Number of protein chains: 2
Amino acid sequence: MSLSFEVDSRSGKARRGRLVAPHATIETPVFMPVGTVASVKGVPQDILEELGAQIILGNTYHLYLRPGVSTVRKLGGLHGFMSWPRAILTDSGGFQVFSLNELRKVNEEGVTFRSHLDGSSHFFSPESAMEAQIGLGADIIMAFDECTEYPADQARMRASMEMTARWAARSKKYFEEHKNEVPWGGDVASAEIGHGGTDALVRPAEPSSTAQASLRSPGRTRASVPPHMDQTQSLFGIVQGGMDRALRKESAERTIEIGFPGYAIGGLSVGEPRELTREIVESTLERLPNDKPRYLMGVGTPEEIVEYANLGVDMMDCVLPTRAARHGLLFTSEGKVSIKQARYAQDAGPLDPNCGCRVCQRYSRAYLRHLYASNEVLAQVLNTIHNLSFYLDTMRRVRHSI
Amino acid sequence: MSLSFEVDSRSGKARRGRLVAPHATIETPVFMPVGTVASVKGVPQDILEELGAQIILGNTYHLYLRPGVSTVRKLGGLHGFMSWPRAILTDSGGFQVFSLNELRKVNEEGVTFRSHLDGSSHFFSPESAMEAQIGLGADIIMAFDECTEYPADQARMRASMEMTARWAARSKKYFEEHKNEVPWGGDVASAEIGHGGTDALVRPAEPSSTAQASLRSPGRTRASVPPHMDQTQSLFGIVQGGMDRALRKESAERTIEIGFPGYAIGGLSVGEPRELTREIVESTLERLPNDKPRYLMGVGTPEEIVEYANLGVDMMDCVLPTRAARHGLLFTSEGKVSIKQARYAQDAGPLDPNCGCRVCQRYSRAYLRHLYASNEVLAQVLNTIHNLSFYLDTMRRVRHSI
């Protein structure tokens with residue numbers, strides 16, 4: 001078994017647990033920073049480690065287009081490619097295919113779409129999305145689903161939900177047949193021995209001089225070698241059903257019937273009112289097994305992630321902390337700070353007096369404001385480090401309160 | 001005395017020395033990374049410290065325009081503002097006023113120019129350039145000079161050189177009369193007690209709760225408090241004279257006659273052939289005192305900085321490592337690498353197998369190439385860290401060879 005999940009304590013509906021993945025043990029509830037194209041924008045991996053991130057997200061759609069799955073596979077999967085030794089989760093590409101591409105054709109087979117990079121034509125199906133995610137080698141991968149648009153009428157929500165269920169079965173079938181192809185450890189036997197690959201780390205008897213030197217270097221990332229060499233990836237199912245509680249219930253039942261080690265709630269935060277999001281989350285959680293991790297995709301604000309964790313969600317991801325940071329919108333214990341504002345121009349105080357991150361420990365608001373106003377790259381770097389620290393600290397506090 | 005310079009050993013014309021500035025002891029020859037608007041683009045200050053940078057450069061022209069000298073002064077000078085506890089050198093603004101502004105009017109008084117940011121009209125003179133640099137509070141500041149254009153005829157080079165000499169005298173006069181206004185230590189008694197200011201650090205009896213918490217925090221930067229509280233800034237003179245050796249000789253003599261603790265050679269790397277640069281550097285160095293630091297401004301490539309250090313230059317600065325990094329041009333022990341090239345797309349090896357920097361120790365060429373091709377911010381961050389590491393390591397090796 002490649003994924004174990006233990007609930008250690010409860011408080012109301014909230015659960016505190018441990019998700020043991022091949023590359024890391026993740027304390028839940030967890031917030032997963034998004035590293036879209038194998039980089040959490042602007043933040044080097046060692047800082048991510050320092051912030052305590054145990055699992056980050058990669059986007060299959062983007063990586064499939066650039067640099068391409070075969071390149072990542074050759075470099076030892078995402079872990080080797082981006083030198084991230086902890087856990088990674090990839091989405092299936094389904095969401096971006098729907099959200100980033102206006103010209104797309106959906107049928108039972110899959111989705112034909114055009115690359116947003118160069119307009120070239122591509123096709124995603126449950127099978128190809130599994131193939132891509134196996135090649136990328138994340139610890140946890142997602143079934144290929146259809147993210148139902150919002151709003152949608154009953155018939156549309158049903159049809160979409162049912163296709164997602166059929167696609168989930170196809171995803172699982174392909175995954176079970178091909179999961180041994182994941183480029184971890186022995187599977188890259190024929191790959192180049194090199195800095196980022198795994199061979200040099202798995203077979204110390206024949207390391208290149210580079211790898212030897214690297215093994216001696218402090219801080220060298222033991223990338224791509226999971227602690228337990230017999231582990232494989234885990235595939236999560238995704239519950240859809242739009243904003244209809246009955247459809248959500250049915251989707252949950254059908255997904256559970258196929259059987260996955262974890263379940264996600266997709267198709268939310270697509271423009272619906274927040275009260276509706278909460279309603280659907282709450283009722284859907286009741287349909288999901290208690291002993292498996294529950295992953296709410298694509299949410300949320302600092303308040304929302306606390307709220308959903310308290311409802312019993314175990315995993316969440318969102319671009320908000322990273323994207324807001326790039327726009328100078330910073331989350332603090334005293335509320336949101338729009339650092340570009342003139343009021344901060346001579347503010348010598350820290351961004352957040354209650355934050356222990358390296359940004360708040362060292363730099364003043366005035367300096368952060370100056371960097372942002374000057375369009376300096378360091379603005380994006382420091383703002384993102386702080387926002388991620390805030391989110392990760394928020395989750396840490398939630399865990400401690402359970 | 002605020003600056004002491006000792007030559008510890010020699011090898012040919014090269015000298016290995018120690019420059020004791022208020023905020024750091026700098027081993028020479030030294031390469032100074034350029035932090036234009038109070039940031040070495042993309043590189044956080046703690047990484048600069050880790051790379052071993054003892055002194056960095058700030059550009060007065062840019063900082064004067066944004067965020068403005070009074071803001072920086074209020075935050076404790078550049079050291080407090082950008083949380084850099086080691087040494088800083090500022091240029092006078094003269095070069096950018098000439099190079100960035102086509103519409104400018106020069107007369108004996110100074111230079112009228114328009115801000116490249118918003119077109120507003122400004123005036124720089126020796127006096128105002130000193131006032132600005134005192135407010136910014138760098139350890140070493142530069143006389144306000146005229147960077148002679150290239151090419152220029154004899155009459156023009158002479159006139160320009162002579163005005164620089166007159167401006168040097170005015171710079172020194174103003175500096176001597178006002179250097180006590182530097183915002184270090186006790187001089188910000190009336191400034192806000194805060195995170196970035198110095199009061200909280202100088203007067204621990206009345207720290208804000210923020211400052212107290214900060215003093216307890218690991219890694220807290222003791223910014224803006226120089227080791228020796230009675231120290232002030234040092235003003236360096238600049239030798240001009242275009243490409244004429246006799247004019248350079250005369251400029252050196254006149255600058256020495258005014259008397260400065262250090263001397264710079266300006267007005268080179270302005271388009272002249274490299275052999276001419278070397279000629280002028282070599283002959284000008286012979287005119288400068290051996291017991292004072294000699295600063296060659298605005299150079300150069302990794303080969304050039306070694307070459308000039310071996311001629312007897314003690315200090316250099318250049319935007320090349322940082323600017324080239326942003327264009328994916330990386331300096332390595334095996335030559336220049338243009339990381340965007342397709343040949344690196346699956347190259348698992350490190351950027352430079354002989355480099356000990358965090359980038360080469362962790363990431364593959366394939367990953368760096370992907371980041372650059374994807375226009376990721378991390379590309380700029382990592383590329384810059386490597387190039388600076390390469391330059392600083394190069395200088396370190398030169399020092400060890402002397």
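Bridgeable lysines around B:Lys41 (alpha carbons under 28 Å apart, same-chain partners fewer than 8 residues away excluded): A:Lys41, A:Lys336, A:Lys340, B:Lys74, B:Lys336, B:Lys340. Across the range A:341-385, Cα-Cα distances exceeding 12 Å account for 55% of all pairs. Other protein chain C-beta atoms within 10 Å of residue C-beta, averaged over A:34-42: 4. Residues whose amide H lies under 5 Å from that of A:Ser234, counting only those 5 or more places away or on a different chain, are A:Ile140, A:Ile141; hydrogens are built 1.01 Å from N in the peptide plane. Between B:Arg245 and B:Glu303, the simple label model (points 7 Å from Cα in the Cβ direction) yields a spacing of 2.3 nm. Calculate the tail of P(r) for the protein assembly as shown: the fraction of all Cα-Cα distances greater than 55 Å, expressed in %. So the pairs more than 55 Å apart make up 18 percent of the total in the protein assembly as shown. Computed with the Debye formula from one identical point scatterer per Cα of chain A, without solvent, the log10 of I(q)/I(0) at q = 0.09, 0.15 Å⁻¹ comes to -0.54, -1.42.
By the helix-only formula, in which each DSSP H run with n ≥ 4 contributes -39500 (n - 2.57) and the sum is divided by residues, chain B has a 222 nm mean residue ellipticity of -12000 deg cm²/dmol.
Sorted shortest first, the separations between the B:Lys249 label point and its copies elsewhere in the assembly read 10.0 nm; each point sits 7 Å from Cα along the Cα-to-Cβ line.
Stretched out straight at 0.36 nm per residue, the stretch from A:Asp291 to A:Leu103 would grow longer than its current Cα-Cα span by 63.7 nm. Once both labels are positioned 7 Å from their Cα atoms along Cα-to-Cβ, the gap between A:Glu279 and A:Glu334 label points is 3.8 nm. Positive-end ranking of B:Asn387, B:Gln346, B:His370 along the dipole of the range B:320-402, with charges on Cβ about the Cα centre, is headed by B:Asn387.
For A:Gln341, the distances from its label point to the matching points in the remaining copies are 5.0 nm, ordered from shortest, with each point set 7 Å beyond Cα toward Cβ.
What the Cα atoms of the range B:28-94 give is an Rg and a Dmax of 11.5, 33 Å. In the elastic network of chain B, a GNM with C-alpha springs shorter than 10 Å, the most mobile of B:Leu235, B:Leu51, B:Leu75 is B:Leu51.
Modelled spin labels at B:Arg396 and B:Glu177, positioned 7 Å past Cα toward Cβ, are 4.6 nm from each other. Within the shell defined by Cβ-Cβ distances under 10 Å, the residues around B:Asp8 carry a net charge of +3, with Lys and Arg each +1 and Asp and Glu each -1. Of all beta bridges that DSSP places with both ends in the protein assembly as shown, some 50 percent have antiparallel geometry. Length, then width, then depth: along the principal axes, the Cα atoms of the range B:260-392 run 53, 28, 24 Å.
Highest GNM mean-square fluctuation among B:Pro22, B:Pro67, B:Pro273, for chain B modelled with Cα contacts below 10 Å: B:Pro273.
The 1.4 Å probe gives accessible areas that order A:Tyr344, A:Tyr150, largest first, as A:Tyr150, A:Tyr344.
Once the label point is set 7 Å along the Cα-to-beta-carbon vector, what list of distances in nm do you get between A:His327 and its counterparts in the other copies? Spacings between copies for this position, smallest first, are 3.4 nm. For the range B:11-142, taking Cα atoms only, Rg and Dmax work out to 15.8, 50 Å respectively.
Whole percent per 10 Å bin, from 0 to the bin with the longest distance: what is P(r) over all C-alpha pairs of the range B:224-319? With 10 Å bins starting at 0, P(r) equals 16, 48, 26, 9, 1.
The values are calculated or read from the model by the stated rules, or taken from the named source; none is laboratory data. Since the structure is predicted, the reported quantities are computational estimates derived from the model, not experimental observations. Neighbour counts are summed over all protein chains in view; Cβ atoms, including those assigned to glycine, are modelled from backbone coordinates with ideal geometry. Areas reflect the complete protein model, heavy atoms only, side chains present, ligands, DNA and RNA absent. Shrake-Rupley method; radii C 1.70, N 1.55, O 1.52, S 1.80 Å.
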